[in-house]
Amino acid sequence: MLKIVYHEDYLTDYFTSAAESPLRVKAIHGRLQDHFLTVAPEAASVEDILRVHTREHLESVQREGPEVYRTALLSAGGALGAARMAMEGTPTFAVIRPPGHHAKRSSYSGFCFFNNIAVAVTSLLEAGSIRRAVIIDFDMHHGDGTEVIFRENPAVDFIEVRARSRERYLGLLELKLRWLGPTDIIAVSAGFDLYVRDWGGLLETDDFHYLGYIIRQAAENKTGCRCFALLEGGYFVNDLGKNALAFCLGLSGEPPSVTCGEPDDDAGIWPEP
Ligand SMILES: [Zn+2]
C-alpha cells in the first residue's frame, strides 16, 4: 500500500511567490488523506542538508527568515522519511513544501531552497543503503538543481522527457523506463504543472495515473518496489488534488483505464519555459 508523508507545518505562510501558495499542499493532502495512510515527518538535520549543500547556502536560507528555514528543513525531512519508507518496500508520496528541484549546492531559485530529492538520495547512498539510484523528474520545468548536483555522480541517473504532445511524452517516458539500467531505488520529482489547465498545458488527469503506474511497474521490476515521489510544482490548485490522487493510484499499482502506444517520431521537443 502507498503511504503519504505530510505535516501541517507545510502550510506555514512564509514569504514567497503567490503561485507557491500553501493552498497547494492543502488541496493535495485533503484529497489523498481518505485514500492513504499519512505519516508525519521529522525535520532534516543540518548534517542531512550539508551532505548536498554548502554551509554558505544553508546560512543564506537561514537569513530568509525562521519560517522559511524551518519549513525547508521539514520539507527535506519529508523527503528523507519518504525514502526510508521506500527502502522498506512501501511506495511513498511526500506532499511537501517548499519544492526542491531547482536548488543547487550553493544557490537556490524557483521557490526551492534545499534540493529535497538530492538530500534523500544522497543520504541513502552515503549510508550504503543503496549503490545506485534513478531520479525521474516529470515537472514541467527542468530539474536543473538535481541534474547539476548529480552530473558527476555515476551512481545516479537523472531522467527527464520533453515532448510537444502527450502521446509522445508518455511514450518516451515509457521507453526510458523500459530500458532502465540497474538501480536500487526510483525517486520521482512529481510536478503537476504539465497538466492541460496548468502552465504546461499537456497532460490529462488520467495521464498522471498512467505515469504513476509505469513508474510503479519499473520499480517492481528493478528495485523490489522501492520508489518514492516528492511534490515539486503544479499551480492549478482546483485540480491538484485529483491529479495527485490519479498519480498516487497509479503508483500504488492500480492499473489505469487508458494506456498509451509507442511515440510517433515527427513530434518535436518541448521548449523550455
Ligand atoms: Zn514546475
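The values are calculated or read from the model by the stated rules, or taken from the named source; none is laboratory data. All figures in this text were calculated on a predicted structure; none of them were measured in a lab. Don't worry about glycine lacking a Cβ; one is built from the backbone with ideal geometry, like all the others, and counts go over all protein chains shown. Each accessible area value is taken on the protein alone, full model and side chains, heavy atoms only, with ligands, DNA and RNA left out. Shrake-Rupley method; radii C 1.70, N 1.55, O 1.52, S 1.80 Å.
In the chain, what percent of the accessible surface is made up of carbon and sulfur (1.4 Å probe, ligands and nucleic acids excluded)?
Values: 5350 of 11210 Å².
Taking all protein chains in place, the chain shows 48 percent carbon and sulfur surface.
How far is it, in nm, from the label point at residue 45 to the one at residue 257 when both lie 7 Å from their Cα along the line to the Cβ?
Distance between label points: 4.9 nm.
Where does the chain land at 222 nm, in deg cm²/dmol rounded to the nearest 500, when only DSSP H runs of n ≥ 4 count, each adding -39500 (n - 2.57), divided by all residues?
Working: 9 runs with 112 residues, N = 273.
Value at 222 nm, helices only, nearest 500: -13000 deg cm²/dmol.
Which distance in Å, rounded to a whole number, links the C-alpha centroids of the stretch 5-30 and the stretch 174-211?
22 Å
Report the accessible area of residue 87, computed with a 1.4 Å probe over the heavy atoms of all protein chains in place, in Å² rounded to the nearest 10.
Per-residue accessible area (residue 87): approximately 40 Å².
Multiply the residue gap between residue 15 and residue 129 by 0.36 nm, knock off their C-alpha separation, and tell me the result in nm, one decimal place.
On the way: separation 114, 0.36 × 114 = 41.04 nm, distance 3.64 nm.
Stretched fully, the residue 15-residue 129 segment lengthens by 37.4 nm.
What is the Cα coordinate range of the stretch 3-251 on the first, second and third principal axes, sorted by size from largest, in whole angstrom?
For the stretch 3-251, the Cα extents along the three principal axes come out at 44, 40, 33 Å.
Taking only Cα atoms, what is the 0 to 90° angle, nearest 10, from helix 205-223's long axis to the longest principal axis of the chain?
So the inclination is approximately 80 degrees.
Highest first, please rank the peptides 240-249, 112-121 by the mean number of other Cβ atoms sitting within 10 Å of their residues.
On the way: 240-249: 23.8, 112-121: 29.6.
Final packing ranking: 112-121, 240-249.
Report, to the nearest 10°, how far helix 237-251 tilts away from the longest principal axis of the Cα atoms in the chain, using its own Cα long axis and a range of 0 to 90°.
So the inclination is approximately 70 degrees.
To the nearest 10 degrees, how steep is helix 66-87 against the longest Cα principal axis of the chain, on a 0 to 90 scale?
Tilt of helix 66-87: around 50 degrees.
Roughly what would the spin-label model give for residue 221 and residue 55, points 7 Å off Cα along C-beta, in nm?
4.6 nm
Can you pull the one-decimal nm distance between simple spin-label points at residue 179 and residue 33, each 7 Å off the Cα toward Cβ?
The answer from the label model is 4.4 nm.
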